[in-house]
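A short write-up of the structure that comes next.
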Amino acid sequence: MIRFAAEKDIPRLGDLLRQVCLVHHNGRPDLFNVGRKYTDGELATLLKEATRPILVAVDDTDTVVGYCFCVYQQPASGGALKPVKTLYIDDLCVDETCRGQGIGKALYQAAVALARDTGCYNVTLNVWSCNPTALQFYERMGLTPQKIGMELVL
């Protein structure tokens, strides 16, 4: 089942955030620390922000087994970009013990449905090249490159 996250979910969200951070740290230890993206206090604040919905997948005991952090974005009018409303997927994670069961697909589809229901033009996200599994997942979901970030490490 997919639902919006609640304060009671903060401990499990923290566990899953650690899993994501470790994947990124293993892929790019020069950029990512071991830890997590948000503290419990930051998560409590995010849960109250209407512009940053958090979807969770739960099992039959209502335990969180995956999440999808989203952010509504819209560029200011008058610039080079058209002011289209976007649902940006900031982070999507399925517990490493539950992968391969369609949970990530269900979370992604719920985010797309949320975007449609709230009048968004598109859904966007970033994926690190050091995470080919995520890249393949998003390609299977039908996403295509919008822009490419590049770097030169000095």
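Overview of results
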{"quantity": "Mean-position separation - Cα centroids, the range 126-149 and the range 30-62, in angstrom", "calculated": "21 Å"}
{"quantity": "Under 5 Å, built H, 5+ apart or other chain: amide partners of residue 85", "calculated": "121"}
{"quantity": "Partners for residue 147 among lysines (Cα-Cα distance below 27 Å; same-chain residues under 8 apart left out)", "calculated": "37, 82, 85, 105"}
{"quantity": "In order through the range 96-103: 3J(HN,Hα) via Karplus (6.51 cos²θ - 1.76 cosθ + 1.60), integer Hz, x for Gly, Pro", "calculated": "4, 7, 10, 5, x, 10, x, 5"}
{"quantity": "In the range 50-154, the GluC sites (Glu not before Pro) that fall in loop regions by DSSP, at most 11 other Cβ within 10 Å", "calculated": "96, 151"}
{"quantity": "Sparsely packed trypsin sites (Lys or Arg not before Pro) within the range 53-116, loop by DSSP, other Cβ within 10 Å at most 14", "calculated": "85"}
{"quantity": "Projected area averaged over orientations for the range 54-104, convex hull of C-alpha atoms, nm²", "calculated": "4.5 nm²"}
{"quantity": "Distant alpha-carbon pairs in the chain (separation over 21 angstrom), percent", "calculated": "48 percent"}
{"quantity": "Protein-only accessible surface order, largest first, of 39, 86, 144 at 1.4 Å", "calculated": "144, 39, 86"}
{"quantity": "Over the range 45-154, relative contact order from alpha-carbon pairs under 8 Å, at least 6 apart, %", "calculated": "20 percent"}
{"quantity": "Under 17 Å from the residue 90 label point (7 Å along Cα→beta-carbon), backbone N, the range 1-39", "calculated": "4-21, 36-39"}
{"quantity": "Accessible area (Å², per residue) of the range 14-93, counting only protein heavy atoms and a probe of 1.4 Å", "calculated": "52 Å²"}
{"quantity": "The range 30-80, dipole about Cα centre (Lys/Arg Cβ +1, Asp/Glu Cβ -1), debye to the nearest 20", "calculated": "260 debye"}
{"quantity": "Magnitude of the charge dipole, the range 1-129, Cβ model with Lys/Arg +1 and Asp/Glu -1, debye to 20", "calculated": "460 debye"}
{"quantity": "Of all accessible heavy-atom area on the range 45-101, the percent that carbon and sulfur account for (1.4 Å)", "calculated": "50 percent"}
{"quantity": "Partner aspartates and glutamates for residue 48 [C-alpha distance under 14 Å; skip if fewer than 8 residues away on the same chain]", "calculated": "7, 9, 40"}
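The values are calculated or read from the model by the stated rules, or taken from the named source; none is laboratory data. Note that the structure is predicted; figures quoted are calculated from it, not measured. Every residue, glycine as well, gets a Cβ built from its backbone with ideal geometry; the counts of neighbours run over all protein chains shown. For accessibility, only protein heavy atoms count, side chains too; no ligands or nucleic acids. Shrake-Rupley method; radii C 1.70, N 1.55, O 1.52, S 1.80 Å.
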